[in-house]
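The structure under discussion appears below in the form of structure tokens.
The values are calculated or read from the model by the stated rules, or taken from the named source; none is laboratory data. Only a predicted model underlies this, so the values are computations on that prediction, with no experimental measurement involved. Neighbour counts are summed over all protein chains in view; Cβ atoms, including those assigned to glycine, are modelled from backbone coordinates with ideal geometry.
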């Protein structure tokens, strides 16, 4: 099958990075676009495999219908100090961040 | 007292003073960790053995846990700067199980940051070197656990495998590594990498030790909805059953495999025949497709699982992600994005279904499958940069079993011309740990791999 | 009417109902978050800590399916959860576990009487699915505070087709839906408390347009009451009509509602549509519901408001009274208890309504008895009111005179033409007479007394 992968541009990388909430340095854009494009080229080999007739969703687990009764497990809720213990910025029991617009 | 090279099982039989054992391995670790960098954190408080643990199953014996396994009394960092000062307020289910069974957590071991890799070179806290030769990598992502066991710094350790992260480093460091059936061991409290792939498992000196630890680790967990509600077998006792199997061997798994590795594969097959097993030629889908499946699905799940690291509730902000993490997050986001989901994520899921079906078909004809664990032996430190996706490329022979969610075990089978260990693996059907453990146990006895010499390099 | 207007609004609704389960949707920590100190009702999963895994709440699933079934939906026997990705500080995992293409129920309908046309209106329910709630943000100066107590609480989301074309229908629909949900006993469905939330999607089309559905829609958030819902929708319709008349197409976006200024405002956080990158939640195995499971849901179905309404009317209660009475399940439950008790007692009771049931219903609806009191007391009050009264005429005259003397202002007001002031005086007489008088007679006597002097 013809390789239909177009090269990812620096703009593409910028857009993907925004989607992923990542800040990529400008000098890394070129390298990433090459590496990601290489990966996409490799996975083209999947087009060799006929998947018609295969179900749409796949779960690795063989478990089904995992549900639990609505009963409180006291060990789940953490004391407020533990909830906040790793917070870089906190005040009066809240997590604090710069104002969200 | 020299406890080097004595298996976990043997140590328990010996009924040593627990404090002696703990002190021994604690001191060894302190002496040699700088050279190998197997541990990220050594627990200074644990060496004072908790007296009331002495009579339980594991007799306070020290174990090391890979640093993506949450513990309450030691930090958990996933070898990333982002979590460099993270203390979890809750512990993983397997941590509970091990400590309830009487284990002492000696420390947390090094890994590729976020488990993204096959060499422990992407750790933010330094590379773990191969105890056989420090110019080479120990393998990854559970490199620290494998190196610690190989160098005799701890009798046994726990790692995790997404696709190759237990078997790879175990193979390259010359120790035993078991990836259980997906869902056999709870993932609760394991920092998630590939949610539908991750399996915690033992990294040990012997197959018997792996069976012993599997019995402790395995079982359904109410905190993990994907865990399997199936009885935990007496894996250790079953080793004595000495069953004989029909063992499948597929040429597809020899494609591109190093000459020295093939020599060990061939000699292992001879041994297995001598032991009374029947070797049968089979055909399996070429593992190269599993690379694509794994790359797309794992990276998609990674992009999702790493979204929570924003530095608000804990840890540092996302600018502290290393390049490998950034690469994987981006490819994963792309594969899930509108317009690309069908071609990448969905297609990969469908091929994954076919890979599983392929194994299920084959297991109707054979009991277990035998293959080399890795196509080559440990790479030199730094070689990683000449590969576009090193991790996925190295783990090619491990990815199919991981994709199918079936169990697999690697044991050391020889040494190559560079003096580096070679590993061979058995893959089993769903919940077929007993079969592969038995076969590995029998082969291990025949091979009589020398695990003590490398430990002697570290006085 | 609409067919004379230039534009026709096209409105669809997304309603979130917070389920009153004891534990959260994906962990067994307490879900009792409202009014609690910040970050005191949070566990590792709701906090988005590393290594956590979701385990579904069976009751939440049953209630979501019950809600769907009660709205005449089809049930998906095969279902799953999916991850919906976006970054926002109140979403700890950076994805919300929700349902994408296989919701628990879909394709139903809900009927109500439109206050505009007076006839039945049928709204198609596209789907009812389950998802987890987010934390809460509090903006303070140049900082934002975050509380994760609410994170992980179960929400049932009801989505309707864009079948509405005016705000009055929407308001009535919401009121009826609220009663309906409360009857199911799955939520207190309180808009002020946030246990029922509305996000209308609004667009507007030309009456003569060929396209039934405009090519844009605007979503409105932060609506905290039925009254504000009506106001917000009306404002937004006018805003869009104005834009379209000027030749512009309204931007497809999410807007907030400012209840103080009475306007909607743009809330665009970033350019371009959100790409949620949905994929099936790998941590939660799929569901294959068998008939036994579905039967349990059927058995949970209570009598629904429209069914009770019909039943009450058949008992001889005036339709208007029956409607008011059935707005509250607990009050109408109490009413039924009272009826049972009274009917089995020997008291001879009078009633002006067609049936005793109708009379008692009228008393309750007109607040002639204190229904909030315990059942014994209410029954006593009713019996008292419906037992023919022997009025002590002499005492009555004295009481009337005394009430007139001690309440000069209302008396003056009445004499000055404020007719309603007599109601107060009647009340005072009745109070003093401890109900042992006929209000109609008291009114006549008072009127006579006041106009005579």
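Observations on the model:
- Filtered residues of segment B:250-262 (kept if touching a helix residue (DSSP H, G or I) at 6+ places or on another chain (Cβ under 7 Å) and closer than 21 Å to residue B:363 by Cβ): B:252, B:253, B:254
- Any hit, segment A:68-78, residues being surrounded by 13 or more Cβ atoms within 10 Å (Cβ to Cβ), under 25 Å from the mean Cα position of the chain (by Cα) and either more than 9 Å from chain B (Cβ to nearest Cβ) or at pLDDT 95 or above (or both): no
- Among the conditions (1) within 19 Å of the chain's Cα centre (by Cα); (2) at the interface with chain B (Cβ under 8 Å from one of its Cβ atoms); (3) under 23 Å from residue C:280 (Cα atoms), the only one that residue A:13 does not satisfy is (3).
- Taking the conditions (1) touching a residue at least 12 places away in the same chain (Cβ under 8 Å); (2) touching a helix residue (DSSP H, G or I) at 6+ places or on another chain (Cβ under 8 Å) in turn, residue C:384 satisfies each one other than (2).
- Checking each residue in segment B:6-36 for being in contact with a helix residue (DSSP H, G or I) (Cβ under 6 Å, 6 or more places away or on another chain) and not in a helix (DSSP H, G or I) picks out only B:7.
- Between C:239, C:172, the distinction of being farther than 26 Å from residue C:136 by Cα, more than 19 Å from the chain's Cα centre (by Cα) and in a helix (DSSP H, G or I) belongs to C:239 only.
This table checks each residue for (1) over 28 Å from residue B:198 (Cβ atoms); (2) in a helix (DSSP H, G or I); (3) within 14 Å of another protein chain (Cβ to nearest Cβ).
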site	(1), (2), (3)
B:247	no, no, no
B:253	no, yes, no
B:288	no, yes, yes
B:303	no, yes, yes
B:306	no, yes, yes
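- From the list C:97, C:61, the lone residue that is within 14 Å of chain B (Cβ to nearest Cβ) and either in contact with a helix residue (DSSP H, G or I) (Cβ under 7 Å, 6 or more places away or on another chain) or not in a strand (DSSP E or B) (or both) is C:61.
- Lone qualifier among C:193, C:208, C:221 - being farther than 12 Å from residue C:11 by Cα and either modelled with pLDDT under 90 or not assigned by TED's automatic domain parsing to the domain that holds residue C:132 (or both): C:208
- Some residue of segment A:34-46 being assigned to a loop (DSSP other than H, G, I, E, B), under 27 Å from residue B:389 (Cβ atoms) and free of Cβ contacts under 8 Å to residues at least 24 places away in the same chain: no
- Some residue of segment C:120-131 being free of Cβ contacts under 8 Å to residues at least 24 places away in the same chain and in a loop (DSSP other than H, G, I, E, B): no
- Some residue of segment B:335-351 being surrounded by fewer than 23 Cβ atoms within 10 Å (Cβ to Cβ), within 14 Å of chain C (Cβ to nearest Cβ), outside any helix (DSSP H, G or I) and in contact with a helix residue (DSSP H, G or I) (Cβ under 7 Å, 6 or more places away or on another chain): yes
- Residue match in segment A:47-55 (condition: facing chain B (nearest Cβ under 10 Å), surrounded by 15 or more Cβ atoms within 10 Å (Cβ to Cβ), in contact (Cβ under 8 Å) with a residue 12 or more places away in the chain and not in a helix (DSSP H, G or I)): no
- Segment C:284-309: number of residues that are more than 14 Å from every other protein chain (Cβ to nearest Cβ) and either in contact (Cβ under 8 Å) with a residue 60 or more places away in the chain or surrounded by 14 or more Cβ atoms within 10 Å (Cβ to Cβ) (or both): 9
- Any pair with Cβ under 9 angstrom, 6 or more apart, that starts in segment A:84-101 at a residue that is more than 7 Å from every other protein chain (Cβ to nearest Cβ) and ends at one that is surrounded by 15 or more Cβ atoms within 10 Å (Cβ to Cβ) and in a loop (DSSP other than H, G, I, E, B): A:89/B:312; A:90/C:39; A:92/C:38
- The lone criterion from (1) within 10 Å of chain A (Cβ to nearest Cβ); (2) within 14 Å of the chain's Cα centre (by Cα) left unmet by residue B:174 is number (1).
- Close Cβ contacts (under 6 Å, 6 or more residues apart or on different chains) running from residues in segment B:152-179 that are on the phi > 0 side of the Ramachandran plot and in contact (Cβ under 8 Å) with a residue 60 or more places away in the chain to residues that are outside any strand (DSSP E or B) and surrounded by fewer than 24 Cβ atoms within 10 Å (Cβ to Cβ) comprise B:152/B:4; B:152/B:455.
- All positions within segment B:352-372 that are surrounded by fewer than 19 Cβ atoms within 10 Å (Cβ to Cβ) and either away from chain A (no Cβ under 14 Å) or assigned to a strand (DSSP E or B) (or both): B:361, B:364, B:365
- Residue in segment B:326-334 that is surrounded by fewer than 24 Cβ atoms within 10 Å (Cβ to Cβ), facing another protein chain (nearest Cβ under 7 Å) and more than 21 Å from the chain's Cα centre (by Cα) present: yes
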